[in-house]
Amino acid sequence: MKKPTTNLDSSIVMRKSNVLLIFLVSMIFGFYACSSSTVVEDSKTVEPAIQPKAMTEVTPPTPDPRVGLGAGLFDAEEAIWNLNLISQKRPPADFVGVTNSDLAFKDNYVFQGNYNGVIVWDVSNPRSPELVVDYLCPASQSDVSVYGNLLFISGEGFGGRIDCGTEGVEERVSEERLRGLRIFDITNVEEPEYVANVQTCRGSHTHSVLKDPNDDENVYVYISGSAPVRPEEELPGCVNALPDDDPNSALFRIEVIKVPLDNPEKSAIVNSPRIFEDLEAAPTHGLAPADLAEIEEAREAGAFVVELGGQPRVLPDRFVSQLMGNVMQQNGNETGTPTAADSAALREQLPDMIAQMFGGGDDEADNRGPNQCHDITLYPQIGLAGGACEGYGLLLDISDPANPTRIDAVADSNFSYWHSATFSNDGSKVMFTDEWGGGGQPKCRETDPMEWGANAIFTINNGKMDFESYYKLPAPQSVYENCVAHNGSLIPVPGREIMVQSWYQGGISIFDWTDPNNPVEIAYHDRGPVDGTQMAMGGSWSVYWYNGMIVNSEIARGLDIFTLEPSPYLTQNEIDAANTVSFDYLNAQGQPKIEWPTSYALAKAYVDQLDRDNGLSDADIASLRTGIYSAENSRNTRVLRELASNIEGKAGSSSQSEKVRTLAQTLRDLATM
Amino acid sequence: MDLSKMINHSFSVITKITVFSFLVFGSVACKSTESAHTNQSQTTQAASTETAGLSDAEMEELFWARQDSARMNFTEDDVKFMTGMIAHHSQALIMSGLAPENGASSQVQTLAARIINAQKDEIKLMQTWLRDREQPVPEVHIDGLKMMIHGLGDHHMHMDHTNMVGMLSPEQLQELSEAKGKEFDRLFLKYMIEHHKGAVHMVTELFNTDGATRDEAAFRVASDIQVDQRTEIARMQLMLDNMTASN
């Protein structure tokens, strides 16, 4: 019998089956045994090496080994679950002891920002990354992005110099200072050429690169700056006054830089949209569930509930009697006792009455909303962006890249500082992170609430964001470990939302948020504190999946590369299917639409998921596994069509009908290959 | 790039290196927790972590040396800012500490709890910043509405805190401590907005001073305080507007 070619060895084992299954398999594949030269033996069936388990049955190691890890810079204790750490590299000498920041990827290169410049690694062999560039050019935060032959680096702090000098800038006003965007030509990755600067009023804390699908000559860079406005003497046109006092104010806006790909030195700010203006009063989705319950109770008891400032409120009796009086007058009821019709009329008219009374129309001019965004995640294929902007999460329409407009905004009373956003691949969900304390504080102690410094998951329904749940690193960290939700990316597992995310010294956490109400952790890695005697900055700044690797930028320790270890919660087949996805490049704030090429791994991943979620009977799952296995080894494709027809008939009655149909289509696609 | 093939291909080489590095680098192999459920990262040592031709011990020495030298780049203005902000934050702790007993709404209680959590941590961070730079470290003692700052030596012993922008006068603090329920909420939001605005003002002043916050840690502390408090001011303003609207 032919052996499977790739990772199948580890993912399945052959074993004797029970009589019923043999019977079933023979019934279904009877034709197949007769028509094929390489047959799967009827007495065997294919079973996964690790049986998939439901997300409700995840059993993490207990007690959590991340609690109480010993400290050390390069020799801290470590805990790891369902991951393999395949390599780690210390920073180059000039960058040791200086903060490593964000990552960008192009081909086989990893660009790692550092407050002292940029480091480039060749990861052709991920078990042994090679340093190819250590470009000394200090600026905080040195967040990096790539597009085509260009590399972009953010500069925010006062010490960044146009000439890349390490001496900093002392004076309040100086021609030497760079606060904004540095642009490099990386046609030859190993010899970056510094080609342009775009100076901005508040510098660039981070940035996002947007490629307009309809414009191949330019890219757009959205600048987010959170530092104070620089003096007008240093950069003309920078106005620190409020927009009411001076319409040219640098506050309450983002900046959009247009970069001509062939002439990057002509890059310039083309728009400074005020996407924050006139935001609705911050609605809370329920700061206290108890408050909401109280309102519901009142509503059921017949109270009049109105929306005020975005929140439901029980209308006080004195208002009710006054408004009811008006309604009764309208209805010609002079008895003094309201009828059911009066009540109904009041209920109907109430929203308008409230709007008239409290209007807000006049007040809104004063409501400028947030001052800036931290991150803006651009997802051009669906025309949306998620803006994490101080006290708000914004949903933006970016179909016109130079003119982003706001579609929706949410606020959350448990959220301190909206930091970044990640969409589900289909754009039906979005997750925001709260970088409470700015990343330098220990916000994962046992006493810190699980809703603070966490992720918030929203579903997007008709352009509106609805809150679903929070996710926070479940392992309490020590007082010496800065820890809060930070950057991450989707792992392209088909049919699921799986995220890998940085939690600074809380390490990295991988979790499933397919069910937006029940995010569940399925893998992690953590080190003990950098310093066991006082707080020292360290931990994972950002971690992203890139072409089969999970690459981690460790603030103090350097670069780590992980691969996924199969588990009941993420099978080898699912990992293999994820690894069929390949990006040419990846930026932290640009989300690519993931498309899975047709492959046996993809079909097998769906089968594992249907097994996990009881989407088909055990017998159907067994036939699918056996059939796919034999088709893959014999290249006989008729069996695939048979399987597809069989399960299509069962899709209607399955709890996972959509996935059953997707699998059927995948099997048909495989048959045509 | 086909990762699985690459890994398989290099596996035999890696194994040899692993054995070799365990022999040679056994002493620096990472300490790992022992747990039946936990995969320990012994494979970490498979390939060299070295980048600059330095051993981990030399690397670590360089790391702490560079952290130390980064701490030498501060000014008197940075020190004044940290010292002043510790006192400023301490008054926020006093104000917020009143919320549970004065019948604040659950919204205001949540806000107050978060202010306490955040500003206590920031005080610790600023104290560490001063200690690391061998500057006098103010220790805060809170007794009811009274706040005493020790540890600054004779010159600073009697600094007048109410001179700082946004600080409440003793009378205002007294007024707040006597307010209950909705009146407390209203007054708390009003005073805390002023208090936060004061902190933002202090950061802005600092940023506008020659040579200040060139220290990376100072820039970060000041920047985070500014951003967090500005965000919180907007939130409190909306809470206050909503209160006014519903009355």
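The values are calculated or read from the model by the stated rules, or taken from the named source; none is laboratory data. Nothing here was measured: the structure is a model prediction, and the numbers come from that model. No Cβ is skipped: glycine too gets one built from the backbone with ideal geometry, and neighbour counts run over all protein chains shown.
Numbers below:
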| quantity | calculated |
| --- | --- |
| Hits in segment A:615-673 - residues which are touching a Lys or Arg at 6+ places or on another chain (Cβ under 7 Å) and among the basic types (Lys, Arg) | A:ARG641, A:ARG668 |
| Among (1) in contact (Cβ under 8 Å) with a residue 24 or more places away in the chain; (2) surrounded by fewer than 19 Cβ atoms within 10 Å (Cβ to Cβ); (3) within 15 Å of A:THR598 (Cα to Cα) - the single one A:LEU667 does not satisfy | (2) |
| Matching residues, segment A:158-194, being in a strand (DSSP E or B) and surrounded by fewer than 16 Cβ atoms within 10 Å (Cβ to Cβ) | A:GLU193 |
| Selection count, segment A:86-137, where residues are under 28 Å from A:ASP163 (Cβ atoms) and either touching a Lys or Arg at 6+ places or on another chain (Cβ under 6 Å) or within 7 Å of chain B (Cβ to nearest Cβ) (or both) | 9 |
| Residue, nearest to the other protein chains (Cβ to nearest Cβ), within segment B:119-134, restricted to residues that are over 11 Å from B:LEU93 (Cβ atoms) and touching a residue at least 40 places away in the same chain (Cβ under 8 Å) | B:LEU125 |
| Residue that is farthest from the chain's Cα centre (by Cα) [pool: residues in segment B:137-147 that are surrounded by 15 or more Cβ atoms within 10 Å (Cβ to Cβ) and free of Cβ contacts under 8 Å to residues at least 60 places away in the same chain] | B:LEU145 |
| Residues of segment A:447-467 satisfying the condition of being crowded, with 19+ Cβ neighbours inside 10 Å and among the β-branched types (Val, Ile, Thr) | A:ILE457, A:ILE460 |
| Tabulated pairs, segment A:393-411, first over 16 Å from A:ARG253 (Cα atoms) and touching a residue at least 24 places away in the same chain (Cβ under 8 Å), second part of a strand (DSSP E or B) and basic (Lys, Arg), C-beta under 6 angstrom, 6+ apart or interchain | A:ASP408/A:LYS464 |
| Subset of segment A:42-67 [within 14 Å of chain B (Cβ to nearest Cβ) and either acidic (Asp, Glu) or touching a Gly at 6+ places or on another chain (Cβ under 8 Å) (or both)] | A:ASP64, A:ARG66 |
| Among the candidates A:GLY427, A:GLY393, A:GLY369, residue that is touching a strand residue (DSSP E or B) at 6+ places or on another chain (Cβ under 8 Å), in a loop (DSSP other than H, G, I, E, B) and at pLDDT 80 or above | A:GLY427 |
| Qualifying position, being surrounded by 21 or more Cβ atoms within 10 Å (Cβ to Cβ) and facing chain A (nearest Cβ under 10 Å), among B:MET239, B:MET192, B:MET243 | B:MET239 |
| Subset tally (residues that are of a type outside the set (Lys, Arg), more than 15 Å from A:LEU559 (Cβ to Cβ) and within 13 Å of chain B (Cβ to nearest Cβ)) for segment A:138-164 | 10 |
| Given (1) touching a Lys or Arg at 6+ places or on another chain (Cβ under 9 Å); (2) under 22 Å from A:ASP64 (Cβ atoms); (3) free of Cβ contacts under 8 Å to residues at least 60 places away in the same chain; (4) of a type outside the set (Ser, Thr, Tyr), number of the condition A:GLU468 does not satisfy | (2) |
| Helices (runs of 4 or more DSSP H) wholly inside segment B:76-170 that include at least 3 residues being assigned by TED's automatic domain parsing to the domain that holds B:GLY211 and at pLDDT below 90 | B:153-156 |
| Breaking point among (1) within 10 Å of another protein chain (Cβ to nearest Cβ); (2) part of a helix (DSSP H, G or I); (3) β-branched (Val, Ile, Thr), for B:THR49 | (2) |
| Members of segment A:46-78 found to be of a type in the set (Val, Ile, Thr) and assigned to a loop (DSSP other than H, G, I, E, B), listed by number | A:ILE50, A:VAL58, A:THR59, A:THR62, A:VAL67 |
| Filter result for B:ASP224 (assigned to a loop (DSSP other than H, G, I, E, B) and under 20 Å from A:GLY160 (Cα atoms)) | no |
| Residue match in segment A:577-588 (condition: within 27 Å of the chain's Cα centre (by Cα), within 14 Å of chain B (Cβ to nearest Cβ), farther than 30 Å from A:SER142 by Cα and surrounded by fewer than 24 Cβ atoms within 10 Å (Cβ to Cβ)) | yes |
| Residues satisfying the stated conditions in segment A:622-645, i.e. surrounded by fewer than 21 Cβ atoms within 10 Å (Cβ to Cβ) and either touching a Gly at 6+ places or on another chain (Cβ under 9 Å) or not assigned by TED's automatic domain parsing to the domain that holds A:VAL46 (or both) | A:GLU642 |
| Residue match in segment A:590-598 (condition: outside the structural domain of A:VAL543 (by TED's automatic domain parsing), in contact with a helix residue (DSSP H, G or I) (Cβ under 7 Å, 6 or more places away or on another chain), more than 30 Å from A:ASP212 (Cβ to Cβ) and not aliphatic (A, V, I, L, M)) | no |
| Segment B:196-214 - residue that is out of contact with any helix residue (DSSP H, G or I) (no Cβ under 6 Å at 6 or more places or on another chain) and more than 7 Å from every other protein chain (Cβ to nearest Cβ) and, of those, nearest to B:LEU168 (Cα to Cα) | B:GLY198 |
| Matching residues, segment B:91-118, being of a type outside the set (Gly, Ala, Ser), more than 9 Å from chain A (Cβ to nearest Cβ) and under 21 Å from the mean Cα position of the chain (by Cα) | B:GLN91, B:LEU93, B:ILE94, B:MET95, B:ILE115, B:ILE116 |
